[in-house]
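Presented below is the structure to which this report refers.
The values are calculated or read from the model by the stated rules, or taken from the named source; none is laboratory data. Just so we're clear, the structure is a prediction, and the values are computed from it rather than from any experiment. We place every Cβ from the backbone using ideal geometry, glycine too, and count neighbours over all the protein chains shown.
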Amino acid sequence: MFKLFVLEDTIRIPPEKFGDPLKQAGHEQLRMKYEGMVDEELGYVIAVTDIKVNPTGKIIPGDGATYHRVSFSLLTFYPKIQEILEGEVVEIADFGAFLRVGPIDALLHVSQLMDDFISYDEKQGVLMGKESRRKLSSGDHVRTRITAVSLARGGGSGKIGVTARQPFLGKIEWIKEEVKKIKSESEKEKAIEKAKQKEKVQND
């Protein structure tokens, strides 16, 4: 999900920044260039860290700036298909919910929420299952699996599609209910098996 890339580049330090510490000026230039960028190889760039600027710069005739080689690290968010992640619901619409995952929002389409007929209550801002009566609203935490990733070219925002229609996915409270139910059934089965063995021993 989160990755750290080590890169090298050349940065331009404009004349008005000559009085600033070189590392600070370099950090500003790299932040402007990289932070917030979306790249097919890097993913979503969150922050520039560990900057090392070569103090020896070059001057190009006709340009008053200096150019320096720099090495640095990029903290990125790189979503992969089939990856499981948790996010907070930040918006509900009639077609689904948007989840905040890392630095972006992923779409949980209404068809991927649960095995139930779902209705949208605009006044309450919730999606509700007809049979299960389960509700999803803003602020809920949901565990999902990534089903589609499209990292836009040229600095676009990109898109992530997720599903909750698989075992142990969905709203965290629903998962807890599911686990509790399975444990209860397992304990019941063990008790029945134990009773059968006891009865068999007595009959023997």
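Summary of values
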item	result
Looking only at the stretch 76-91, and only at residues there that are at pLDDT below 95 and surrounded by 17 or more Cβ atoms within 10 Å (Cβ to Cβ), the one that is nearest to residue 159 (Cα to Cα)	79
Residue satisfying all of: in the stretch 139-176; farther than 22 Å from residue 116 by Cα and in a loop (DSSP other than H, G, I, E, B); modelled with the highest pLDDT among these	151
Residue 72 outside the structural domain of residue 23 (by TED's automatic domain parsing) and among the aromatic types (Phe, Trp, Tyr)	no
Residue match in the stretch 50-60 (condition: under 34 Å from the mean Cα position of the chain (by Cα), surrounded by 14 or more Cβ atoms within 10 Å (Cβ to Cβ) and among the acidic types (Asp, Glu))	no
For residue 61: the one exception among (1) free of Cβ contacts under 8 Å to residues at least 12 places away in the same chain; (2) of a type outside the set (Asp, Glu); (3) not in a loop (DSSP other than H, G, I, E, B)	(3)
Members of the stretch 5-23 found to be loosely packed, with under 11 Cβ neighbours inside 10 Å and within 15 Å of residue 50 (Cβ to Cβ), listed by number	6, 8
